[in-house]
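These notes concern the structure reproduced below.
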Amino acid sequence: MECVMGVVGRDFAVVAADTSAVQSILVHKTDEDKVMVLDSHKLMGASGEPGDRVQFTEYIQKNLHLYQFRNTIPLSTAATANFTRGELATALRKNPYMVNVILGGYDKDAGASLYYIDYIATLHKIDKGAFGYGSYFCLSLMDKLYHPDMTVEEAVDLIDKCIKEIRLRLVVAPQNFVIKIVDKNGAREYARRDLVGDNASVDAATTVTA
Amino acid sequence: MVGKNCFAIASDRRLGVQLQTIATDFQRVFKIHDKLYIGLSGLATDAQTLYQRLVFRHKLYQLREERDMKPETFASLVSAMLYERRFGPYFCQPVIAGLGENDEPFICTMDCIGAKELAKDFVVSGTSSESLYGACESMYKPNMEPEELFETVSQALMASVDRDCLAGWGGHVFIVTPTEVQERVVKGRMD
């Protein structure tokens, strides 16, 4: 039921994910951050087996930092994507990581880029993508509404429409989402979309969003 | 498919997970050197891994032998690498096409454990392989010039993938002659 999605706009990339941590019928927490900031200009939204997700994303993050310490320059987004794919591929036939990843990054030369890496290490550079049951609703919405060189407002509006659709149409849908953005100024959290939990507004609980 | 002193290698462009289409610009045909191409159908992750390993082996060969690999040699290399994993295979069916000695076209295909299948006219692989066999058999003529070969390959590819729900969303065709390589994207039904 976890959803991760990403969109590339004009010189920025947006990665959004739900923030529910669920085990069987119990929701442990509603503010679990699944979009990890790998370094100053990279975001990794991950979904899948909870232990694998945290372990794998932290492993990639620490290796990225190690590269930067050793070589004084950060790894590019494309290189990071290939490194991530390599780690998943190596582990695949021994002890696979059940983690799907949407990697978004900004490089001075290449601009903004987004990579789709699924749990069996299929790597593809994309403009828009999503994982999870939410993808069944989001991908066609994105196909219709996406166009190249969107502004930040347009891209976040597209993500909001996807979130609205997931909330409305997915049974046992995750309610809260986090939206993070990466552009030339760096990777940071852009917004939260909370319907339940401590940070949700009072109106959210009492009004019906259609 | 083999033509007159040239060959064509083509693939569809879909990247999908069973019923869901993830992308419509996925590359499945890779260049090894100017006169050798390999197309890898099947599991995308294994196609990517296999391609990376083959490029590595070929670069090593180039350093040692100071020349490019012949297509026949490369086919044997791919076959051996696939059979190494006999009991835990790469889920890929490669199609290899190249210009060998005296620019003689060479094509072959193999199954996922490296059983080579040489042919003089055309080879196919993938989910629409049965359709492709039929389409190629009826449209193939020996000694086609590059332009006619491109038409034939494109028509055969489009006709076959249109009958397969897991393939299609456009086509990617390479026509390789001794002097140049023409790469074209074919517009097809996006369903």
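The values are calculated or read from the model by the stated rules, or taken from the named source; none is laboratory data. These numbers were taken from a predicted model, which means no experiment stands behind them. Every residue, glycine as well, gets a Cβ built from its backbone with ideal geometry; the counts of neighbours run over all protein chains shown. Side chains included, ligands, DNA and RNA excluded: accessible areas come from the protein's heavy atoms. Shrake-Rupley method; radii C 1.70, N 1.55, O 1.52, S 1.80 Å.
Measuring with a 1.4 Å probe in the full set of protein chains, what accessible area per residue, in whole Å², belongs to region B:2-186?
Computed with neighbouring chains in place, this is 48 Å² per residue.
Cross-link list A:LYS94/B:LYS59; A:LYS29/A:LYS128; A:LYS29/A:LYS161; B:LYS70/B:LYS187; A:LYS62/A:LYS94; A:LYS29/A:LYS125: which exceed 30 angstrom alpha carbon to alpha carbon?
B:LYS70/B:LYS187; A:LYS29/A:LYS125
Return a whole-number percent for the relative contact order of region A:33-114, with Cα pairs under 8 Å and 6 or more residues apart as the contact set.
Once divided by the residue count of region A:33-114, the mean separation gives 37 percent.
Using the beta-carbon distance between A:GLU153 and B:LYS120 and R0 = 60 Å, what value does 1/(1 + (r/R0)^6) give for FRET efficiency, to the nearest 0.05?
Efficiency, from the Cβ-Cβ distance: 0.50.
Relative to the compact globular guide of 2.2 N^0.38 Å, what is the alpha carbon radius of gyration of the protein assembly as shown, as a ratio?
It is 1.09.
How many percent of the accessible area of region B:2-186 is carbon or sulfur, using a 1.4 Å probe?
In region B:2-186, the share of accessible area belonging to carbon and sulfur is 50 percent.
Please turn the phi angles of region A:46-57 into ³J(HN,Hα) values with the Karplus equation 6.51 cos²θ - 1.76 cosθ + 1.60 (θ = phi - 60°), one per residue in order, whole Hz, x for glycine and proline.
10, 9, x, 3, x, x, 4, 4, 5, 4, 5, 5
With a Förster radius of 56 Å, plug the Cβ-Cβ distance of B:LYS31 and A:VAL196 into 1/(1 + (r/R0)^6) and report the FRET value to the nearest 0.05.
0.60
Where the centroid of each part is defined by its Cα atoms, how far is region A:172-194 from region B:90-151 in Å?
48 Å
Suppose R0 equals 35 Å. What FRET efficiency, 1/(1 + (r/R0)^6) with r the Cβ-Cβ distance, do B:LYS141 and B:VAL181 give to the nearest 0.05?
Computed FRET efficiency for B:LYS141 and B:VAL181: 0.95.
Could you check how many percent of all C-alpha pairs in chain B are farther apart than 20 Å?
Value for chain B (Cα pairs over 20 Å): 52 percent.
Which of the GluC sites (Glu not before Pro) across region B:45-94 are loop residues per DSSP, with 10 or fewer other Cβ within 10 Å?
Those satisfying the criteria are B:GLU66.
HN-Hα J couplings of region A:126-143 from phi, Karplus 6.51/-1.76/1.60, θ = phi - 60°, integer Hz, Gly and Pro as x?
10, 9, 8, x, 7, 10, x, 4, x, 4, 4, 8, 6, 4, 6, 4, 5, 4
Apply the Karplus parameterisation 6.51 cos²θ - 1.76 cosθ + 1.60, with θ equal to phi minus 60°, to every residue of region A:93-105 and state each ³J(HN,Hα) to the nearest whole Hz, in sequence, with x for glycine and proline.
9, 10, 8, x, 8, 8, 10, 9, 10, 10, 9, x, x
What is the dipole size for region A:1-99, taken about its Cα centre, with +1 at each Lys and Arg Cβ and -1 at each Asp and Glu Cβ, in debye to the nearest 20?
So the dipole magnitude of region A:1-99 works out to roughly 380 debye.
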